Amino acid sequence: MNPVYADLPTTVFERMSALARAHGAINLGQGFPDDPGPADIRQAGARALLEGDNQYPPMMGLPALRAAVAAHYARHQGLVVDPASEVMVTSGATEAIAGALLALIEPGDEVVLFAPMYDAYLPLVRRAGGVPRIVPLRPPAFRLEEAALAEAFGPRTRVVLLNDPLNPSATLLGRDDLALLADFCRRFDVTAVCDEVWEHVVFDGAAHIPLMSLPGMRERTVKIGSAGKIFSLTGWKVGFVLAEAGLMRGLAKAHQFLTFTTPPNLQSAVAFGLAKDDAYFAGMRAGYARARDRLAAGLTGLGYRVLPARATWFLNIDIAALGADDDVAFCEDLVVRHGVAAIPVSAFYPDGSVRSLVRLCFAKADATLDAALERLADARRRAA
Ligand code: GLN
């Protein structure tokens with residue numbers, strides 16, 4: 001067994017979902033909406049399955065989807081990419097990240113990562129032979145700091161892997177932080193791999209800024225998006241990659257021997273979805289913002305300290321304010337004794353340096369959130 005995987009635990013999301021099932025808990029752990037997703041997009045997928053072509057689509061993705069991706073990013077983020085040579089469809093964002101790391105890293109190359117980080121990142125970097133250099137971001141602001149970047153970047157840095165908006169902190173980077181990072185990328189001749197799957201799930205008028213749009217970054221950024229997050233269809237696993245044509249040629253080589261392609265009916269349906277009018281995106285954001293406010297207000301009323309959530313489907317509570325110092329124990333107790341599954345944020349800090357935050361998913365129906373709040377009230381009463 002390769003040592004990277006030999007001692008790796010099952011992902012925290014799978015573990016907490018299994019515990020939720022075993023204890024009949026309300027699952028606010030793993031991030032997925034309990035809404036079935038947009039009916040018209042699902043219908044487009046069903047129609048394409050029955051009436052369309054179900055043999056291998058082109059390795060780079062259906063031309064219709066690649067054109068839709070290019071048009072979508074031109075419309076929403078002002079990015080100009082050539083659909084034929086600068087867009088690739090993958091089986092989810094995780095495949096895109098894995099492929100990018102495999103294509104870009106040679107053994108011994110250094111990769112700058114930020115903690116909190118999605119739990120797939122570190123094993124993928126290590127398996128690709130990369131040497132991780134981790135920059136910790138501190139709650140509650142989770143901002144980039146020049147001194148920490150200066151410590152992490154060096155002559156061996158090949159890639160920086162960035163998630164923005166950031167899961168689990170529910171924050172997004174502003175232009176100053178992005179400019180600082182872009183400056184380091186240019187100075188050290190580094191490629192940025194940007195996991196921007198939460199780009200549309202931003203609240204309170206905030207706008208996501210793609211790192212690729214900053215001066216000098218167009219040629220050195222691999223931008224990754226996901227239909228699962230844009231359309232609340234997490235099981236579909238349709239992702240897309242934007243990169244300058246030369247860079248894309250290398251990424252495509254990795255993709256062709258990972259999954260090669262992605263189910264054609266889902267690709268057609270996503271092409272349809274990406275062309276939806278602004279009202280869809282505004283409505284989606286407003287719906288999640290309402291759910292966030294409902295859960296946050298309920299938690300605050302119960303005496304939980306809630307961190308601001310400006311993006312994603314998640315909010316965090318600060319358990320140190322409750323006198324707790326072990327997020328894993330807190331989450332185990334919560335799921336086993338009180339029937340609510342959550343995610344301990346230490347799972348996103350490889351050095352375990354932050355153990356005071358617990359992540360809750362609010363992408364749920366009001367009734368689900370209200371039922372969870374009742375159980376969280378019970379947890380507070382029994383702790384008091
Ligand atoms: N992205 C999801 C989350 O953060 C988890 C995805 C998964 O379970 N692999 O909850």
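A compact table of results
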read-out: Number of the exception - Gly228 against (1) within 21 Å of Gly78 (Cβ to Cβ); (2) in contact with a strand residue (DSSP E or B) (Cβ under 9 Å, 6 or more places away or on another chain); (3) of a type in the set (Gly, Ala, Ser); value: (1)
read-out: Among (1) modelled with pLDDT of 95 or more; (2) farther than 18 Å from Phe314 by Cα; (3) within 16 Å of the ligand (Cβ to nearest atom) - the single one Leu8 does not satisfy; value: (1)
read-out: Counted residues, the range 130-161 - those being within 16 Å of the ligand (Cβ to nearest atom) and touching a Cys at 6+ places or on another chain (Cβ under 9 Å); value: 1
read-out: Long-range neighbours under 6 Å by Cβ, at least six apart or interchain, first residue under 29 Å from Arg138 (Cβ atoms) and in contact (Cβ under 8 Å) with a residue 24 or more places away in the chain within the range 355-373, second of a type in the set (Gly, Ala, Ser) and within 16 Å of the ligand (Cβ to nearest atom); value: Arg355/Ser346; Val358/Ala342; Leu360/Ala342; Cys361/Gly31; Phe362/Ala291
read-out: Residue tally, condition touching a residue at least 60 places away in the same chain (Cβ under 8 Å), within 16 Å of the ligand (Cβ to nearest atom) and touching a helix residue (DSSP H, G or I) at 6+ places or on another chain (Cβ under 6 Å), over the range 202-228; value: 2
read-out: Residue among Gly24, Gly37 that alone is of a type in the set (Gly, Ala, Ser), exposed (fewer than 15 other Cβ atoms within 10 Å of the Cβ), touching a residue at least 12 places away in the same chain (Cβ under 8 Å) and closer than 28 Å to Tyr288 by Cα; value: Gly24
read-out: Selection status of Gly37, farther than 16 Å from Val336 by Cα, assigned to a loop (DSSP other than H, G, I, E, B) and among the small types (Gly, Ala, Ser); value: yes
read-out: Filter pass, Ser232 being within 16 Å of the ligand (Cβ to nearest atom) and on the phi > 0 side of the Ramachandran plot; value: yes
read-out: Residues of the range 336-346 satisfying the condition of being part of a helix (DSSP H, G or I), away from the ligand (no atom under 15 Å from the Cβ) and within 18 Å of Gln30 (Cβ to Cβ); value: Val336, His338
read-out: Selection status of Arg127, under 22 Å from Gly250 (Cβ atoms) and of a type outside the set (A, V, I, L, M, F, W, C); value: yes
read-out: Unmet criterion (only one of (1) over 24 Å from Ala363 (Cβ atoms); (2) among the small types (Gly, Ala, Ser); (3) surrounded by 14 or more Cβ atoms within 10 Å (Cβ to Cβ)) for Ala74; value: (3)
read-out: Any chance Ala84 is among the small types (Gly, Ala, Ser) and free of Cβ contacts under 8 Å to residues at least 60 places away in the same chain; value: yes
read-out: Conditions (1) in a loop (DSSP other than H, G, I, E, B); (2) modelled with pLDDT of 95 or more; number of the one not met by Ala367; value: (1)
read-out: Given (1) aromatic (Phe, Trp, Tyr); (2) assigned to a loop (DSSP other than H, G, I, E, B); (3) within 16 Å of the ligand (Cβ to nearest atom), index of the condition Phe13 fails; value: (2)
read-out: Ala25 being away from the ligand (no atom under 16 Å from the Cβ) and of a type in the set (Gly, Ala, Ser); value: no
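The values are calculated or read from the model by the stated rules, or taken from the named source; none is laboratory data. The structure presented is a predicted model; accordingly, all values stated were derived computationally and were not measured. Positions of Cβ are backbone-derived with ideal geometry, glycine not excepted, and every protein chain shown enters the neighbour counts.
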